Amino acid sequence: MRLENISNSLKDTINIFYPDLCAACDAILVRGETGICAACVLELPRTFDETNPTDSRTAKIFAGRIPVKYACALFAFQKQSKVQELLHRIKYESRREAGETCGALMAETFNVNSRFNEIDLVIPVPLHPKKLAKRGYNQAEVVARGVGEQLNKPVLPKALERVHYNDSQTTKGRMSRMESVEGLFRVRLADQLKNKHVLIVDDVITTGATIESCIQPLLAVPGITVSIAALAAAHQ
Ligand SMILES: [Zn+2]
């Protein structure tokens, strides 16, 4: 018996007692599925932004606000949906493998559109160090790793830093939220970003205010082009 077979049968035995569950629907995962089941991959609502990335519904969120080349989300976000459940578990319940799988899945959809070959670097929206210490990992970085691996592009989690610690903004309205995110991020590795096409990755886009404030300081880097990708986006 080959070592690979032994470890696979050991995995199967362990899975009988502690099965891995789909982060979106709780179905038991079978061999070959990581983090999310094949049915959810097929059935969760897609945006198909990648078919028209310059004028996608996600790109329209940023129109007139900030210059962005491509903007894509994999799934359409709705409250009380499996997509919301999936995002919650990736963010708060350490379901990193689900985040990475979905990031890779998103990058796979990009591959149908060769325009994404021009991307040089992948940069996750950073968490404040305090929040990172509290949560243990950055969910945007987990997604970015999946994207970077699939696109075969380097991931630079330290290219940007979050300079202000802002707590939950969920109760504030759109305007106050936009004001409170100004000056939230700073560019650290400007030299490495010169004349590059960077893909900013987050888990979810709602108002777009966080990514907008993330991109603002990047625009001072000479020759930079910025695109956006998220696992999900809420469209009006
Ligand atoms: Zn599922």
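Computed from the coordinates by the stated procedures, all read-outs in this text should not be read as laboratory data. Here the structure is a predicted model, which means the values were calculated and not measured. Using ideal geometry, Cβ is built from the backbone for each residue, glycine included, and neighbour counts are taken over all protein chains shown.
Okay, here's what the table says:
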read-out	value
The chain: antiparallel DSSP beta bridges as a percent of all, rounded to 5	20
Built amide H within the under 5 Å cut-off of ARG188, gap 5+	LEU160, GLU161
Paramagnetic label zone (point 7 Å from Cα along Cα-to-C-beta, TYR137; backbone N under 14 Å) in region 103-118	103-104
The chain: relative contact order in percent, alpha carbon pairs under 8 Å with at least 6 residues between	21
Projected area, mean over directions - the chain, Cα convex hull, nm²	14.2
Nearest-ten-degree value, helix 82-92 long axis tilted from longest Cα axis of the chain	80
Cα-Cα over 30 Å, subset of LYS79/LYS194; LYS60/LYS153; LYS130/LYS153; LYS60/LYS194; LYS60/LYS196; LYS82/LYS194	LYS79/LYS194; LYS82/LYS194
Equivalent ellipsoid semi-axes - Cα gyration tensor, region 3-118, angstrom	32, 17, 11
